[in-house]
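S.K.: Below: one structure in structure tokens.
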Amino acid sequence: MRMLFKSLLRNIGRASPKAAARALTPAELMAEARARFDANDLVRAQLLFEDVLELDPGHADALHFLGLTGHRVRDLGFAMEYFERSIEARPKDAVFHNNLGSVLVQAGRTEEAAVFFRKALEIDPNLNIARINLIYVMVLLENARPEDVYAEHVAWAKIHADPLLAQAKPHDNSRDPERRLRIAYLSADFRKHALTYFIEPALAQRDSAAFEVFCYHSGRIVDDVTRRLARYADHWHEIIDLDDEQAAELIRGDGIDVLVDLSGHLRDNRLLVFARKPAPIQVTYLAYPNTTGMSAMDYRISDAVCDPPGATERYYRETLIRLPRCMWCYQPREDMPAVSPSPAHQSGRVTFASMNGANKVTARMLSLWARILGEVPGSRIVLTTVPEQGRERIRDALTQAGVAEARISMHDRLPTEDFWALYAGIDIMLDTFPMNGGTTTCEALWLGVPVVTRSGDIFQSRAGLSILGSMGLDELVARSDEEYVRIAVALAHDHTRLAALRAGLRERMRASPLTDGRSYARALEAAYRGIWRTWCSRSPR
């Protein structure tokens, strides 16, 4: 049987667990194994789960927990094997199907993942996590219709969120439209995380005379970034150990006027806090590219590029607020490297890259990338955040389209410094579609790498247009697949232009709205003031 932790297992051996197993029943072994698993003692937990299987080879829970053990350490192949075996042992367990789907998403196999999430919901229509996962994966599918994605979000809300709104009490916040407002942000990711690149300017540049800021941190990780963000806030609360009802009561007790969700349906979200309507005005922003589907969420912040007026309102349950210039404000980390010289200008060979996760890389994108590589002789492509179990799909698609395997380089998740170091050898970033990059696009531009994006009709496929447009780089935005290929190929053949772009992108970004934290904070606060005045003008219920 394959071992997750071979070196550690050699050190501790198996004698003690096996000797103990002779005196224990499978149920007793499972209890001990689960205790080890819960304590994150994964090596011994694995041994004990395997001991259960020696006594009962078809023990579905032992198989499932071995899958969870693999998932926890990102050994996706191990996790898939045992989740599949657990489903064979107990085919009608919705959780097993959901968890296999989750691993498939991480491997970039989103179409397969959707099948397992739907099967989980067929078995148990009320399994919250399966519906959330299906919602997320539908956003990634290239053939998903926006109206179907919207309907799935609303279906989740009507089961899990909307019934809680009926229990909400009226708010007694003072209806003075011009008073100092209490603005609160709720997130599990106030730490070294992509979110902080975009929310820190709003906190650091806030108007403290007009706004009192609260932050509710619902994540377990506390690091240097957490502590820095906490210094910007007037009030900071760690709420990881509070359940949704307790967190809602804390927020209500703090008298928050505008409560801002920074997670949407992403992992570790607290949308069921918002479902209880602890603040009179509730807003979702930044992290998630779609509606929450909730009747308790009043507004969603965007801009007129990501959500053109009159074009996308029907896909949101929230009312859209469009910031006047750009909804993004990027604050690069201070330890990011300097811009390096143009690789193509030095070597004569162009290197393309996609730094987005494997789950954003669709068959359609692979076909377009193969065409681009075919029209740029000697070029190569680098992909990151591609786990081993997701590489065969990508490699096969490219090689079958005529790209030599030697021209393809794939990396799993890398330490931040190693990830950034790759940019020194990259000439052109190829954005993904229908889910554009956000953080990766901004990082590439800051490091001097031009990004070619493919825009579409809805938010998730217009982020690149919004970011590049704010820098005056509309010539890098394609409105069709043909144009995407044409722009990338033309840029690759113009090494002089590549070098000029690389040398000037950072200063261009500094001069754009994309890094103007002060103007961004004022625009965000003006939006808060505007929706507050609207609330004050309404009769209390």
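S.K.: Quick one: residue 343 ticks every box in (1) closer than 16 Å to residue 410 by Cα; (2) surrounded by 19 or more Cβ atoms within 10 Å (Cβ to Cβ); (3) of a type outside the set (Ser, Thr, Tyr); (4) more than 23 Å from the chain's Cα centre (by Cα) bar one, so which box is it?
M.R.: Looking at each condition in turn, residue 343 falls short on (1).
S.K.: Out of everything in segment 118-161 that is surrounded by fewer than 16 Cβ atoms within 10 Å (Cβ to Cβ) and among the β-branched types (Val, Ile, Thr), what residue ends up being nearest to residue 357 (Cα to Cα)?
M.R.: 129
S.K.: Looking at segment 387-410, which of its residues are part of a loop (DSSP other than H, G, I, E, B) and at pLDDT below 95?
M.R.: Start the filter on segment 387-410 by keeping residues that are part of a loop (DSSP other than H, G, I, E, B), which leaves 387, 401-404.
If the condition is that a residue be part of a loop (DSSP other than H, G, I, E, B) and at pLDDT below 95, then 387 is the only one that fits.
S.K.: If you don't mind, there's one more thing I want to ask. Is there a residue in segment 483-493 that is buried (at least 18 other Cβ atoms within 10 Å of the Cβ), assigned by TED's automatic domain parsing to the domain that holds residue 351, at pLDDT 95 or above and assigned to a loop (DSSP other than H, G, I, E, B)?
M.R.: Looking for residues that are buried (at least 18 other Cβ atoms within 10 Å of the Cβ), assigned by TED's automatic domain parsing to the domain that holds residue 351, at pLDDT 95 or above and assigned to a loop (DSSP other than H, G, I, E, B), one finds none in segment 483-493, hence no.
S.K.: Further question on the same structure: Answer with yes or no whether residue 478 is in contact with a Lys or Arg (Cβ under 6 Å, 6 or more places away or on another chain), closer than 27 Å to residue 303 by Cα and either at pLDDT 95 or above or assigned by TED's automatic domain parsing to the domain that holds residue 349 (or both).
M.R.: The answer is yes for residue 478.
S.K.: Given the options 105, 115, name the one that is surrounded by fewer than 21 Cβ atoms within 10 Å (Cβ to Cβ) and β-branched (Val, Ile, Thr).
M.R.: Values: 105 fails: surrounded by fewer than 21 Cβ atoms within 10 Å (Cβ to Cβ).
From the options 105, 115, the qualifying one is 115.
S.K.: Looking only at segment 448-488, how many residues end up being more than 20 Å from the chain's Cα centre (by Cα) and without any contact (Cβ under 8 Å) to a residue 40 or more places away in the chain?
M.R.: Qualifying residue count for the region: 14.
S.K.: How many of the residues in segment 230-261 are small (Gly, Ala, Ser), touching a residue at least 12 places away in the same chain (Cβ under 8 Å) and part of a helix (DSSP H, G or I)?
M.R.: Selection size over segment 230-261: 3.
S.K.: So is residue 267 without any contact (Cβ under 8 Å) to a residue 60 or more places away in the chain, surrounded by fewer than 20 Cβ atoms within 10 Å (Cβ to Cβ) and closer than 21 Å to residue 195 by Cα or not?
M.R.: Criteria not met by residue 267.
The values are calculated or read from the model by the stated rules, or taken from the named source; none is laboratory data. On a predicted model such as this, the values are computed, not experimentally measured, just so you know. Reconstructed Cβ throughout: ideal geometry from the backbone, glycine too, with neighbour counts over all protein chains shown.
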